[in-house]
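All of the numbers you see were taken from the coordinates with simple rules; none came from a lab. None of the values given here were measured: they were computed from a predicted structure. Every residue, glycine among them, receives a Cβ derived from its backbone with ideal geometry; neighbour counts consider all protein chains shown.
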Amino acid sequence: MTDMLSPGLILIAGAALLPLLRGVWQRGFMLLLPLLGFWQTLTLDPGAQGAVEMFGVTLTTLRVDPLSLVFAYIFHLAALLSAIYALHVRDTVQHVAGMAYAGAAIGAVFAGDLITLFVYWELTAITSVFLIWARREEKSYWTGLRYLIVQVGSGVVLLAGIVIHQHQSGSIAFVQLTLGELGPTLIFLAFGVKCAFPILHSWLQDSYPEATVTGTVFLSAFTTKLAVYALARSFAGTEMLIWIGATMAAFPIFYAVIENDLRRVLAYSLISQLGYMVVGVGIGTELALNGAAAHAFCHILYKALLFMSMGAVLLRAGTVKGSELGGLYKSMPWTAGFCVIGAASISAFPLFSGFISKSMIITASADGGHWVVWGVLMFTSAGALHYLGIKVPYFAFFAHDSGIRVKEAPVNMLLAMAVTALLCVGIGVFPGSLYAILPFPVHYAPYTATHVITQLQLLLFSALAFAVLIRFGIYPVQMKSVTLDSDWVYRRLAPRAVRAVWRRVSALQGRYGKVAARGLNHLLVVVFHYHGPDGVLARTWPIGGAALWVLILLGGFLIVYFV
C-alpha cells in the first residue's frame, strides 16, 4: 500500500502534526519529514501508478517516471536544506507552512491527472502565502494579499481550462497538450502565471523579498520550478516558449542592474534563469529537456544558497540594501564565502553546477538552429556575472566599508549554506551524478575545450566591464529608490483610474441628482394618479361602461388585423 502513497502526503500530514510538538521535538520532526518523503520516493518503481475513485472520476494521484522523479528528488532536498536553515526560528506557523508547501509541490509533480494537479497547485498557493505574512508587518500583509490573488487566480484559470478541456476531449490526463483550443490555452496561461512569464512576472519580485528570512528560501525552490515541470510535462516542443524564455532571460538584467534591494536583485535573476528552462522546454529535444530539468535542479540549489546568504545578512545587519552595506566580509566571512560560491554557480563558472546545466540548453539552441535565441542566452550568461555574480557579493560584503559589525550567521544557517555550497561544487565537478537521473539518456560532455574557453571568455569580459564601470563611476549608483515594473499597472495606475472615475461619477451625481429626483417625483405623481386608491384605474366602473370599452378595443383590434 505504501508504494502507492504520494511522498508529498507525508510532508503535508506531518506539517499538520507540527503544532502538537514543541522545542527540539518539533525541529527534529521537521527534519525527519523530508527524509521520510525522500525514502518513500526511492522505493517507488518507475512506471508505478496509484489511483483513487472519487465522484465517478478516476484520479491518478501517483505517476512515477524519470521526469517526475528528478523534480521530486530536488524538492525533497530543498525542503531538507530549508528546514535546516530555519532551525533557529521559533515560529510554528512558518514551519507548518514550509513543510506543507514543499509537500504540495512534491504531490503536484507526481500527479497523473489535471484535477489532482489543480488540488496541489492551489495548496502551494495557500500554504506559501503564510511565509510572507509570517513577517507580521503591514507591508508584508498587503504583499501577501497581492501574491495570494495572483496565485489563486492562476488556479482559477487552470480549473477553467481543465473543465473546458475535459468537455472538448473527454480526458483529464496530465499529458502532452496542444495549443489551439481554449482549454489547453487557459492551462498554458495558468502555468505561465506561476512561471513568471513576461508581464505576468511582477508578483515574484514583489513578494519574495517581503517574505521572512527563511520563507524566501522556501519560496525560491518550489513555485516557479513546479511551473517549469508542468510546462515540460504538457507543452514540450511548443515553439512559442522559445521566444518567451528568451525574453525572460534577457529583460530582468536591466532591472537587476539598477535595483538596490539585493534580495530583489536575486528575484529578478530568478526570472532570468527560469528563461533558460523555458527555452529548453520550448525546443523540446531530449538534450533541451534534459538541460531544462538539470538547470531546474541546479538553480534550486544555487539560488537557495544566494537567498540564504542574503537572509543571513538581513538577520544580522537588518537590511539588504546595497547602498547601506559593505565590508561585511570582516564580520561574516563564512557567509561571504558561501555567497561567492553561489554567485560562481549562477554565473556558470566551470567546475560549478550552473556551468554543466546551462551549457546544455545553450548547446541545444545552437543544434536546433535557433541562433538569435543562442545569442540572447550567451549575452544573458555573461550578464549573470555582471548583475549578480559580482554585484551581490561586492555590494554586500566587499564594497566601501559601511562600518556595520555584526555576528556571523547562526550555526544552523551556516550548516545549510555549507551543504548547499558543497552540492553546487560537487555537481559541477562530477556532473555524471546529476546526468544519471535526468529524464533521457545523456550524450553530452560539458567539459570540452570549446565550452570551457567560450564561457571563460564571456566571464572575463563581463568582469572587466564591471571593473571599468565601477572604476570610472559609470555603474549605476546604489541608492534608495523604487523600481517601476508591470505591477505598477495594478498597484498605482488601476487605483488612480478607479478614483478618477469615482470622482467623475460623484460630480455628475451632484450636478444631475436634483434633476433626476424631480423627474422621479413627477413619475411617481403620474403613477399615483392612475393607480392610487382614488386613481382612474382604481375606480369601480359600471358594467355598461366596461362593455363599451371592450367593444371599442375589439373593434380597434379587428380594424388593425384586416388592414
Q) Ranked highest first by the average count of other Cβ atoms within 10 Å around their residues, in what order do 285-295, 325-335 fall? A) 285-295, 325-335
Q: For the chain, find the longest principal axis of its Cα atoms and tell me its angle to the long axis of helix 543-562, 0 to 90°, nearest 10.
A: 60 degrees
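Percentage of Cα-Cα pair distances in the stretch 236-481 greater than 27 Å, rounded to whole percent? Display every interim value, and only then the final one.
Numbers: 9922 of 30135 pairs.
Above the 27 Å cut-off, the stretch 236-481 has 33 percent of its Cα pairs.
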**Q.** Value of D in µm² per second that Stokes-Einstein yields for the stretch 336-377, Kirkwood Rh from Cα pairs, at 25 °C (0.890 mPa s)
**A.** 222 µm²/s
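Evaluate the stretch 117-182: find the radius of gyration of its Cα atoms, find its Kirkwood radius, and give the ratio Rg to Rh. Please list the in-between numbers first.
Working: Rg = 15.5 Å, Rh = 13.5 Å.
So for the stretch 117-182, dividing Rg by the Kirkwood Rh gives 1.15.
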Q) Taking only the alpha-carbon positions of the chain and ignoring solvent, what does the Debye formula give for the base-10 log of I(q)/I(0) at q = 0.08 Å⁻¹? A) -0.55
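What net charge is computed for the residues neighbouring Ser272, neighbours being all others with C-beta under 12 Å from the C-beta of Ser272, Lys and Arg scored +1, Asp and Glu -1?
Details: positive: Lys303, Lys358; negative: none.
Local charge sum for Ser272: +2.
Order of 33-43, 117-127 by packing, highest average Cβ count within 10 Å first? Working shown, then result.
On the way: 33-43: 18.8, 117-127: 21.5.
In decreasing order of mean packing, 33-43, 117-127 become 117-127, 33-43.
How much mean residue ellipticity at 222 nm does the chain get from its helices, if each DSSP H run of length 4 or more adds -39500 (n - 2.57) and you divide by all residues, to the nearest 500 deg cm²/dmol?
Values: 22 runs with 380 residues, N = 563.
Using -39500 (n - 2.57) per qualifying helix, the result is -22500 deg cm²/dmol.
Sort the following peptides by mean Cβ neighbour count (other Cβ atoms within 10 Å, averaged over residues), highest first: 373-383, 135-145. Provide the component values of the computation, followed by the final result.
Values: 373-383: 20.8, 135-145: 14.6.
Going from most to least packed, we get 373-383, 135-145.
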